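J.: Provided herewith is a single structure, encoded as structure tokens, for subsequent inquiry.
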Amino acid sequence: MASPTEKNVDGDVPTQAPLGALKEEGAASRDNLSLGDMIQNARTATENEHSMTLLQGLKLYPKAIAWSVLISTCIVMEGYDISLVNNFYAFPQFNQKYGVPSIDADGNVTYQVPAAWQAGLSNGAVVGEIIGLLVNGWVSERYGYRYTVIACLTLLIAFTTIFFTAQTVVHLQVAEILCGIPWGVFQTLTITYASEVCPVALRGYLTTYINFCWGVGQIIGIGVIMGHLSRTDEWAYRIPYALQWMWPAPLIVGIYFAPESPWWLVRTGKLEQAKRSLLRLTSLNRETDFDADDTIAMMVHTTAFEKKITRGASYLDCFKGVDRRRTEIVCMCWAIQNLSGNSFSNYSTYFLQQAGLSNDKAYSFAMGQYAINCVGVFGAWALITFGIGRRTLYLYGLAGLFAMLLILGFLGLAEDRNAASLATGSIMLVWALCYQLTVGTVCYSLVAEISTRRLQIKTVVLGRILYNVVGIICGVLTPYMLNPTAWNWGNYAGFFWAGSCFLCFVYTYFRVPEPTGRTFAELDLLFEKKISARKFAETEVDVFAENIEQDVVKDYQDQIVVSHRETKV
């Protein structure tokens, strides 16, 4: 039954009755909420989430979708810059400014940014991101998601100035590191926000949408570079850097008005604010049995259960007890993105150049690859809609990537280099599609669902740090693999990444579970009972049969009373 509604003091935002109000005539007030009442309300909300269809979720949570999409757009900026720095290595004007001269096989003078500086620039952002990730694990839990994002966007406005005015490669290195700090915050905060503002029916879509934003940034970046290929002055690379200023200001304005995550508000004891935030995320035209009080009760129940099994909420607690397994899986899911050959594909333009393609063809193939990165997300949505699980997509995706990396390696044996280079470009497009349909997109959903709510930000932070550490290693190795003045492996690099991808497949089979269709509390219980990854999907659990100590729930009863009294004041 829906709760009674009333208008706020402004008369323009309909809300449900406060937590202290009676849910029904004769019912106990929320101020005197018993354990049995809370569990029953939470059970009702859980059943509603399980029965909610995709269409019902879209109708009930359109505002949550819009706000999540807005905050996820921050990732576009990171995708844009990473696209610039990796593709500038094949950009003549950029190389003339920041590279060193060399003589090619025909005796012509060419400019190349040395492999050491290529690795340094690519990894500079990663170093900054690691710093930002560690900061985010503390700041966003303390000050909330909205204010953390706004502060980071403000910093980006200042740091972009260094890119625009850089006179040496050292200045670029400083800019990459500094800009990497807010990008690191965006990498995890956007995922956490998306997973916490939507129900189970929408969780897979909103978390994986973040990968679409990454692809959009890459497309814009490569498109801007192609649009300036004809320029021969310094503005050919300065304008692309200056365009980074177009994002932060409008995002700051929009995010200022966004509702805070209700899960974060519950964790901090602000239950009245959590309810108001939840109502701002839902539609007034409800066609389900949605009840904000029941949903808040479910959040309280889940938080109480997690407090029972996870006493602390520090980085160290991520490696204690059952959370050690969850942290390991989240970390490896992130690392697999790089270990399956993604870092190799990030250098696609440079790689295709070295494989024999002209500049315009190399950039055209790269543009096609980045377009596939976006389209692949929608393909992944279709697969999720048809009921294919996250674990299944990961396994089959890694198998397909392994096969194509082997083909890339064998193309290095072809004598006709022109035909081999075109075949290489084509295979890389197919590889990109397979990657985005599976590993590249589904990872965002897995890491958001597998981590516990109390430790989610910190767990995802640790996973993303490992992703970046692996990215640094791959970022050092890849330029040497491809650079003609270094190892010059060319297509043979495909064999190296094929071996790495096979090991990822083996790990996924034995360790990565299936979280599809589970509430956060159910996932907590499955991990608590140490269910095998291969049996997650078929194991039945009842989170409401578990004993939650009365003193734990008493903490939240007290928070309800305090929150309600503060609202009255």
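The values are calculated or read from the model by the stated rules, or taken from the named source; none is laboratory data. Here the structure is a predicted model, which is why all the values come from computation and not from measurement. Every residue, glycine among them, receives a Cβ derived from its backbone with ideal geometry; neighbour counts consider all protein chains shown.
J.: Search segment 534-552 for residues that are of a type in the set (Ser, Thr, Tyr) and pair each with any residue that is modelled with pLDDT of 60 or more and not in a loop (DSSP other than H, G, I, E, B) when their beta-carbon atoms are under 8 Å apart and the residues are at least 6 apart or on different chains.
T.: Between residues of segment 534-552 that are of a type in the set (Ser, Thr, Tyr) and residues that are modelled with pLDDT of 60 or more and not in a loop (DSSP other than H, G, I, E, B), the close pairs are Thr539/Leu526.
J.: What number goes with the only condition from (1) touching a helix residue (DSSP H, G or I) at 6+ places or on another chain (Cβ under 9 Å); (2) at pLDDT below 90 that Gly400 does not pass?
T.: The failed condition is (2).
J.: Here is a further query. Could you list, in sequence order, all residues of segment 292-319 that are closer than 19 Å to Val461 by Cβ and polar (S, T, N, Q)?
T.: Of everything in segment 292-319, those that are closer than 19 Å to Val461 by Cβ and polar (S, T, N, Q) turn out to be Thr310, Ser314.
J.: Looking only at segment 468-497, which residues are modelled with pLDDT of 90 or more and crowded, with 24+ Cβ neighbours inside 10 Å?
T.: Within segment 468-497, Trp497 is the sole residue that qualifies.
J.: Across segment 68-114, what is the number of residues that are within 16 Å of Ile239 (Cα to Cα) and part of a loop (DSSP other than H, G, I, E, B)?
T.: Matching residues across segment 68-114 total 1.
J.: Pairs please, first residue from segment 173-194 and under 21 Å from Trp334 (Cα atoms), second anywhere and among the acidic types (Asp, Glu), Cβ atoms under 6 Å, 6+ apart in sequence or on different chains.
T.: Close Cβ pairs satisfying both conditions: Gly180/Glu129; Trp183/Glu78; Trp183/Glu129; Gly184/Glu129.
J.: Would you confirm, using the coordinates I've provided, whether Phe159 is under 19 Å from Ser83 (Cβ atoms), in contact (Cβ under 8 Å) with a residue 60 or more places away in the chain and part of a helix (DSSP H, G or I)?
T.: no
J.: Among the numbered conditions (1) crowded, with 21+ Cβ neighbours inside 10 Å; (2) farther than 20 Å from Thr207 by Cβ; (3) among the small types (Gly, Ala, Ser), tell me where Ala399 comes up short.
T.: With respect to (1) crowded, with 21+ Cβ neighbours inside 10 Å; (2) farther than 20 Å from Thr207 by Cβ; (3) among the small types (Gly, Ala, Ser), Ala399 is out only on (1).
J.: Something else: Name the residue, out of Ile65, Ile39, that is assigned to a helix (DSSP H, G or I), modelled with pLDDT under 85, closer than 25 Å to Glu522 by Cα and of a type in the set (Val, Ile, Thr).
T.: After applying the criteria, what remains is Ile39.
J.: Out of Ala158, Ala125, Ala116, Ala166, report the one residue that is over 22 Å from the mean Cα position of the chain (by Cα) and crowded, with 18+ Cβ neighbours inside 10 Å.
T.: Ala166
J.: Only one of Asn123, Asn136 is farther than 15 Å from Thr192 by Cα and in contact with a helix residue (DSSP H, G or I) (Cβ under 7 Å, 6 or more places away or on another chain). Can you tell me which?
T.: Step by step, each of Asn123, Asn136 is checked, and only Asn123 is farther than 15 Å from Thr192 by Cα and in contact with a helix residue (DSSP H, G or I) (Cβ under 7 Å, 6 or more places away or on another chain).
J.: On the given criteria, is Leu433 modelled with pLDDT under 90, touching a Gly at 6+ places or on another chain (Cβ under 7 Å), within 29 Å of Leu202 (Cβ to Cβ) and surrounded by fewer than 22 Cβ atoms within 10 Å (Cβ to Cβ)?
T.: Against the criterion (modelled with pLDDT under 90, touching a Gly at 6+ places or on another chain (Cβ under 7 Å), within 29 Å of Leu202 (Cβ to Cβ) and surrounded by fewer than 22 Cβ atoms within 10 Å (Cβ to Cβ)), Leu433 qualifies.
J.: Test Leu446 against the stated conditions and say whether it is surrounded by fewer than 24 Cβ atoms within 10 Å (Cβ to Cβ), within 30 Å of Val512 (Cβ to Cβ) and within 25 Å of the chain's Cα centre (by Cα).
T.: When the stated conditions are applied, Leu446 does not pass them.
J.: Still on this model: Given the condition of a type in the set (A, V, I, L, M, F, W, C), assigned to a helix (DSSP H, G or I) and modelled with pLDDT under 90, answer yes or no: does some residue in segment 279-292 qualify?
T.: Within segment 279-292, one or more residues are of a type in the set (A, V, I, L, M, F, W, C), assigned to a helix (DSSP H, G or I) and modelled with pLDDT under 90.
J.: Moving on to the next point. Among the residues of segment 300-331 satisfying the criterion of being touching a helix residue (DSSP H, G or I) at 6+ places or on another chain (Cβ under 7 Å), of a type in the set (Ser, Thr, Tyr) and not in a helix (DSSP H, G or I), which is modelled with the lowest pLDDT?
T.: Thr310
J.: Identify the single condition in (1) part of a helix (DSSP H, G or I); (2) modelled with pLDDT under 80; (3) over 24 Å from Asn123 (Cα atoms) that Glu415 does not satisfy, given that it satisfies every other one.
T.: Result: Glu415 passes all but (1).
J.: In segment 227-244, what residues are of a type in the set (Lys, Arg) and over 20 Å from Ile157 (Cβ atoms)?
T.: Arg231, the sole residue that qualifies.
J.: Just checking, how many residues over segment 206-259 are crowded, with 22+ Cβ neighbours inside 10 Å and outside any helix (DSSP H, G or I)?
T.: Of the residues in segment 206-259, 1 are crowded, with 22+ Cβ neighbours inside 10 Å and outside any helix (DSSP H, G or I).
J.: Give the residues of segment 142-155 that are surrounded by 20 or more Cβ atoms within 10 Å (Cβ to Cβ) and more than 23 Å from Lys63 (Cα to Cα), sorted by residue number.
T.: Within segment 142-155, Cys152 is the sole residue that qualifies.
J.: OK, next. Just one of Gly440, Gly389, Gly409 is under 24 Å from Arg511 (Cβ atoms) and surrounded by fewer than 21 Cβ atoms within 10 Å (Cβ to Cβ); which is it?
T.: Step by step, each of Gly440, Gly389, Gly409 is checked, and only Gly389 is under 24 Å from Arg511 (Cβ atoms) and surrounded by fewer than 21 Cβ atoms within 10 Å (Cβ to Cβ).
J.: Follow-up. Collect the residues in segment 207-230 that are out of contact with any Leu (no Cβ under 7 Å at 6 or more places or on another chain) and of a type outside the set (A, V, I, L, M, F, W, C), keeping them in residue-number order.
T.: Of everything in segment 207-230, those that are out of contact with any Leu (no Cβ under 7 Å at 6 or more places or on another chain) and of a type outside the set (A, V, I, L, M, F, W, C) turn out to be Thr207, Thr208, Tyr209, Asn211, Gly215, Gly217, Gln218, Gly223, Gly227, His228, Ser230.
J.: In addition: Is there any pair with a first residue in segment 66-90 that is without any contact (Cβ under 8 Å) to a residue 24 or more places away in the chain and a second that is among the aliphatic types (A, V, I, L, M) and in a helix (DSSP H, G or I) whose Cβ atoms are under 7 Å apart and which are 6 or more apart or on different chains, and what are they?
T.: Taking only residues 6 or more apart or on different chains, not a single pair turns up.
J.: Can you name every one of the helices (runs of 4 or more DSSP H) wholly within segment 426-520 that holds 2 or more residues which are more than 23 Å from Ala366 (Cα to Cα), touching a residue at least 40 places away in the same chain (Cβ under 8 Å) and among the charged types (D, E, K, R)?
T.: Filter on segment 426-520 gives 456-482.
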